[in-house]
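**Student:** One structure, as structure tokens, below. Some questions next.
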Amino acid sequence: MISDNSKAIELDSRLAPAWNNRGLARRDKGDLAGALSDFDRSLKLNPKFAEVWSNRGTARFFKGDPDGALDDQNLAIKLNPRFAGAYCDRGAIWHSKGDLDKALADYNRAIELNPALAVAYFNRALAWRDKGDWARAVADCNQAIALNPNHAGTYAQRGLVYLRQGKESEAEKDFAQCLALDKSLTASLERRIKELRRQLAAR
């Protein structure tokens, strides 16, 4: 992906989508500095490219710049008020800042615009979880799984909510499914389960 877009850029450096696509590939590989550089170049060529503003915002968020990320998502939404992904990403920023009501409002809008956006249900489930609304958290995990049954993290999060509800059997099934999909999550999931059981026992 990176090499293909690099070749496209070599052929014509004025292709804003090629810079954006290479930025996405770099971001997914963890090269946030390279991704931001490519997104900047894309936006210089086309400053009204809403998708790139959102992509740059996500990279800035991953890099530890939530305020800059928020600015970018706001601009993406201003350029395209029906951009579901930008609302979802902005919701994640609000969540990280502890503003669950704004996060929920953005997730709701993302789902309204794109009811098939699984990540919006997953993110909203996390917000409901942090509000202590276990029923809504489970309902959103259910919907996220219906849309994307191969996302291991959703099973993990639903299992943790089930543990809070005292539903041991359901929780264990979800943990098993999570690890069947992604064994690399074993250590982190075991830590989360151990910590949650400790918290519940201390009540």
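**Student:** Ranking R82, R129, R22, R203 by Cβ neighbours within 10 Å, fewest first, what do you get?
**Tutor:** Placing the least packed residue first, the sequence is R203, R82, R129, R22.
**Student:** Tell me, what does the Kirkwood hydrodynamic radius of the stretch 39-120 come to in angstroms if you use every pair of distinct C-alpha atoms?
**Tutor:** The answer is 12.4 Å.
**Student:** Another question, if that's okay. If you take every residue apart from K173 with its C-beta less than 12 Å away from the C-beta of K173, what net charge results, scoring Lys and Arg +1 and Asp and Glu -1?
**Tutor:** My count for the surroundings of K173 gives -2.
**Student:** Lysines near K183 by alpha-carbon distance under 19 Å, same-chain residues fewer than 8 away left out - which ones?
**Tutor:** Filter leaves K173, K194.
**Student:** Now for a separate question. Per the Cauchy relation, a quarter of the hull surface: what is the mean projected area of the convex hull of the alpha carbons in the chain, in nm²?
**Tutor:** Dividing the Cα hull surface by four gives the mean projection, 12.1 nm².
**Student:** Students often get this wrong, so check it: of K29/K63; K44/K97; K102/K131, which have C-alpha atoms separated by over 19 Å?
**Tutor:** K44/K97
**Student:** According to the Kirkwood expression over distinct Cα-Cα pairs, how big is the hydrodynamic radius of the stretch 95-162, in Å?
**Tutor:** Across the stretch 95-162, the inverse of the average 1/r is 11.6 Å.
Values quoted throughout were computed directly from the atomic coordinates according to the rules given, and no laboratory measurement underlies them. Nothing here was measured: the structure is a model prediction, and the numbers come from that model. A quick note on method: Cβ atoms are made from the backbone with ideal geometry, for glycine too, and the neighbour counts reach across all protein chains shown.
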